[in-house]
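*Asks:* This is the structure I want to talk about, given as C-alpha cells.
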Amino acid sequence: MRILFKNAKILDAEISNFLQGHVVVEGDTIIYVGEIIPKLSFDEIIDCHNNILMPGFVNAHCHSPMTLLRGACDDMPLNNWLFDNIIPLENKLTAEDIFWGEKLAILEYLASGITCIEECYFENESIIKALKQSGLRARVGFGPSTRKVENLVDFLKSQLSLCDGEMIKPCIYVHSIYTTSSSEIEQCVDFAAKYNLPMSIHLCETLEEVGNCTVNNGGLTPPQYLESLGFFDRQTLCYHCVHMDKDDLQILSDYDANICTCPSSNVKLASGIAPVYAMQNKNINISIGTDGAASNNSLDMFKEMFLVATLSKVDISDASVVRAKEVLKMSIINGAKALGFDCGEVKVGKKADLILIDTQKPHMQPNDNLLSHLVYSAKSSDVYLTMVNGEILYRDGKFLREDVDTIYKKVNEIKERLKNEYK
C-alpha cells in the first residue's frame with residue numbers, strides 16, 4: 001500500500017519549522033519527504049489542503065483501563081484516592097472489563113492524535129489483545145503492580161511472549177517504592193538485566209512518598225534508595241518526578257534515565273508541579289504522559305502540553321522558560337526515545353505514525369506561528385486523521401477498526417456493575 005500526502009505543512013525532524021511539501025508512505029514506513037511529488041503510482045492520494053502533517057504524539061505514561069473509573073473518585077488527595085477508593089474498585093475488575101476499558105482509551109488516543117503509549121496496568125493478556133486489535137503502538141509494563149502475583153519471576157517469564165517486539169514491546173514495570181518491597185525491586189532488576197529489558201516506575205510523586213522513604217531507608221531519598229538497589233543500571237523511565245532536589249535529578253542525569261511528566265494528574269491530585277526547567281538544565285530526556293483517566297480525567301496530549309509549558313513558568317516565576325518548541329519535542333521525539341520506538345519524526349526510514357491537524361479554525365489563525373499554536377491554542381478535536389504503522393485508523397471522526405457503539409455499551413454496563421458492587 002503506497003499513500004501520498006500532498007500539499008502539507010510538514011513538521012520537520014528537528015521540530016523547529018514547517019516544510020511545504022509532500023510525504024509518501026509505503027507499507028509501514030515513510031519513503032519520501034520533499035517539495036516535488038515523485039513519479040510513482042499511489043493506492044491513495046490524500047490532499048492535506050495546507051494543514052499540518054506531523055508525527056503522532058507519544059503518551060509515555062498511562063493506565064488505559066482506568067477509563068472505567070473516570071469520574072469515580074474525584075477531588076481527593078492521592079493516598080486516599082488510591083488506597084481507599086481506586087484499588088478497591090480495581091480489585092473488582094475482571095480481565096474482560098480491562099479489555100473494554102483499554103478499547104475505550106484507544107478511541108480517545110486515536111481521536112486526539114496519540115499513536116504510541118507506555119501502558120502499565122494488570123491483566124496484560126487482555127490489554128495486549130485490545131492493542132493488537134486496534135493497531136496502536138505500545139510498550140507494555142510487566143511486574144508487581146497494585147495487584148500482586150505469587151511468584152514474580154515465573155510471572156514475568158510468562159508475560160514476555162505476549163509482545164511481538166515491533167508494535168508491542170515489553171518493559172519491567174515496578175509500580176512504586178511504596179507498593180513494592182526491596183526484594184521485589186531487586187528481582188525485577190535482576191530479571192531486566194537477564195533479558196535486557198528497560199524498567200519503569202512511579203517516582204517522587206508526593207511529599208509523603210519522599211518523607212516515608214527517607215524515614216524507612218536511613219535518610220535515602222527515593223532516587224538514592226533505587227540507586228542502592230541497582231534500579232538505574234538499566235534504561236529507565238521514571239513517571240511524575242514532582243518532588244526532586246538537584247541531587248536527585250543529578251542521579252537520574254548520571255544514569256541517562258528518562259522522565260515522564262504528567263501535569264494534569266499531578267495538579268488534580270494536588271501532588272505538585274514537576275521541576276521541568278531544572279530537569280532540562282540537567283539534560284534529562286523529558287517526555288509527557290496523561291496518566292490514567294481516573295486522575296486526569298481525559299487522555300489529551302494538547303492539554304498536557306499546555307500545562308507543561310504554563311505550570312513551569314508559574315513554578316519559577318519566569319514566563320520565558322520551557323518554550324512551546326521544547327514542549328512539542330517532549331510530546332513526540334522525546335517520548336519515542338524514552339520508549340525505544342523508531343517513530344516520532346516525519347523522515348525517510350521512520351515508521352509512519354502520522355497525524356493531520358486542521359489549521360482552518362479560528363483558534364489556529366493567524367497561522368504565522370503554528371509551533372506556538374500547537375501547544376497554546378490547538379485542541380484534540382483539531383486532529384482529523386491518525387495513521388499508525390502506515391495504516392489509517394481514524395479519519396474524519398470515524399474509527400476504521402473499532403465498533404464504537406459496542407465499546408460504549410460494554411463500558412457503561414461495567415461501570416453500572418461497579419457502582420452496584422462498591423457501596
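No value in this document is a laboratory result; all are computed from the given coordinates. If you're wondering where the values come from, they're calculated on a predicted model, not measured in any experiment. Virtual Cβ from ideal backbone geometry, glycine too; neighbours counted across all protein chains shown.
*Asks:* Could you list 380, 287 in order of exposure, starting from the residue whose Cβ has the fewest other Cβ atoms within 10 Å?
*Replies:* In order of increasing Cβ crowding within 10 Å: 380, 287.
*Asks:* By the gyration tensor of its Cα atoms, with a ≥ b ≥ c the square roots of the eigenvalues, what is the shape of region 374-423: rounded for a/c under 1.5, prolate for a/b over b/c, or oblate? List each step's numbers first, then the result.
*Replies:* Numbers: a/c = 3.50, a/b = 1.79, b/c = 1.96.
Oblate, since a/c reaches 1.5 and b/c is not below a/b.
*Asks:* Shifting gears a bit: May I ask you to derive the FRET efficiency for residue 95 and residue 337 from their Cβ-Cβ distance with R0 = 25 Å, giving the value to the nearest 0.05?
*Replies:* Rounded to the nearest 0.05, the efficiency is 0.20.
*Asks:* From Cα coordinates alone, what are the radius of gyration and Dmax values for region 249-350 in angstrom?
*Replies:* Gyration radius and largest Cα-Cα distance of region 249-350: 13.7, 43 Å.
*Asks:* Please give the peptides 234-245, 351-362 ranked by average Cβ packing (other Cβ atoms within 10 Å per residue), highest first, as a rough proxy for protection.
*Replies:* In descending order of packing, they fall as 234-245, 351-362.
*Asks:* Give me a comma-separated list of calculated 3J(HN,Hα) values for region 112-119, in order, Karplus coefficients 6.51, -1.76, 1.60 applied at θ = phi - 60°, integers in Hz, x for any Gly or Pro.
*Replies:* Per residue, the Karplus-derived 3J(HN,Hα) values read 10, x, 8, 10, 8, 9, 10, 9 Hz.
*Asks:* Let me ask another. In whole percent, what relative contact order does region 347-423 give with Cα contacts below 8 Å and a gap of six or more residues? Don't jump to the answer; show the numbers that get you there.
*Replies:* Values: 59 pairs, mean separation 20.7, N = 77.
27 percent.
*Asks:* Could you tell me which of the pairs 246/337; 268/351; 313/419; 6/351 are separated by over 30 angstrom between their Cα atoms in the structure shown?
*Replies:* Pairs exceeding the cut-off: 268/351; 313/419.
*Asks:* What's log10 of I(q)/I(0) for the chain at q = 0.09 Å⁻¹, Debye sum over Cα points only, no solvent?
*Replies:* Per q value, in the given order, log10 I(q)/I(0) is -0.53.
*Asks:* For region 103-224, what is the Kirkwood estimate of the hydrodynamic radius, computed as the reciprocal of the mean inverse distance between distinct Cα atoms, to one decimal in Å?
*Replies:* With all distinct Cα pairs of region 103-224 included, I get 15.6 Å.
*Asks:* A further question follows. Looking at the chain, what % of its DSSP beta bridges pair antiparallel, to the nearest 5? Before the final figure, lay out each step's value.
*Replies:* Values: 28 of 63 bridges.
Antiparallel bridges make up about 45 percent of those DSSP assigns within the chain.
*Asks:* If I take R0 = 45 Å and measure r between the Cβ atoms of residue 151 and residue 391 in this structure, what FRET efficiency does the formula 1/(1 + (r/R0)^6) give, to the nearest 0.05? All intermediate terms of the calculation are to be shown ahead of the outcome.
*Replies:* Numbers: r = 38 Å, r/R0 = 0.85.
With a Förster radius of 45 Å, E is 0.70.
*Asks:* Oh, and also: Of 254, 248, how do they rank once you tally other Cβ atoms within 10 Å and put the fewest first?
*Replies:* Least crowded to most crowded, the residues run 254, 248.
*Asks:* In what sequence, highest mean first, do 36-44, 1-9, 206-214, 305-313 appear when ranked by Cβ atoms within 10 angstrom?
*Replies:* Top to bottom by mean Cβ count within 10 Å: 305-313, 1-9, 206-214, 36-44.
*Asks:* On to the next question. With θ set to phi - 60° and the Karplus curve 6.51 cos²θ - 1.76 cosθ + 1.60, what are the ³J(HN,Hα) couplings of region 176-183 in order, to the nearest whole Hz, using x for Gly and Pro?
*Replies:* So the Karplus estimates, Gly and Pro as x, are 5, 6, 8, 10, 10, 6, 4, 4 Hz.
*Asks:* Still on this structure, please answer the following. Can you list residues whose amide H is under 5 Å from residue 137's amide H, if they're 5+ apart or on another chain and H is modeled 1.01 Å from N?
*Replies:* 117
*Asks:* OK, next. Using Cα atoms only, what is the angle between the long axis of helix 404-421 and the major principal axis of the chain, expressed in degrees (0 to 90) to the nearest 10?
*Replies:* Its long axis makes an angle of about 20 degrees.
*Asks:* What number, rounded to the nearest 500 deg cm²/dmol, is the helix-based mean residue ellipticity at 222 nm of the chain, given -39500 (n - 2.57) per DSSP H run of at least four residues and division by all its residues? Don't skip to the answer; put the middle values down first.
*Replies:* Numbers: 15 runs with 145 residues, N = 423.
Helix-only estimate at 222 nm: -10000 deg cm²/dmol.
*Asks:* Would you pull out the residues with amide H under 5 Å of residue 287's amide H, same chain only if 5 or more places away, H placed 1.01 Å from N?
*Replies:* Amide H neighbours of residue 287, under 5 Å, 5+ apart: 259, 260, 261.
*Asks:* Could you give me the ³J(HN,Hα) list for region 62-76, computed from phi with Karplus coefficients 6.51, -1.76, 1.60 and θ = phi - 60°, whole Hz, x at Gly and Pro?
*Replies:* With the stated coefficients, region 62-76 comes to 7, 10, 4, x, 5, 4, 5, 10, 4, x, 6, 9, 8, 6, 8 Hz.
*Asks:* Taking amide H atoms as placed 1.01 Å from N in the peptide plane, list the residues 5 or more away in sequence, or in a different chain, whose amide H sits under 5 Å from that of residue 172.
*Replies:* Long-range HN contacts for residue 172: 142, 199, 200.
*Asks:* Sort 121, 32 by Cβ crowding within 10 Å, fewest neighbours at the top.
*Replies:* 32, 121
*Asks:* Please report Rg (one decimal) and Dmax (integer) in Å for the Cα set of region 215-284.
*Replies:* Cα only, region 215-284: 12.2, 33 Å (Rg, Dmax).
*Asks:* Find the relative contact order for region 57-339 and round it to a whole percent, using C-alpha pairs within less than 8 Å whose residues are 6+ positions apart.
*Replies:* In percent, rounded to a whole number, it is 21.
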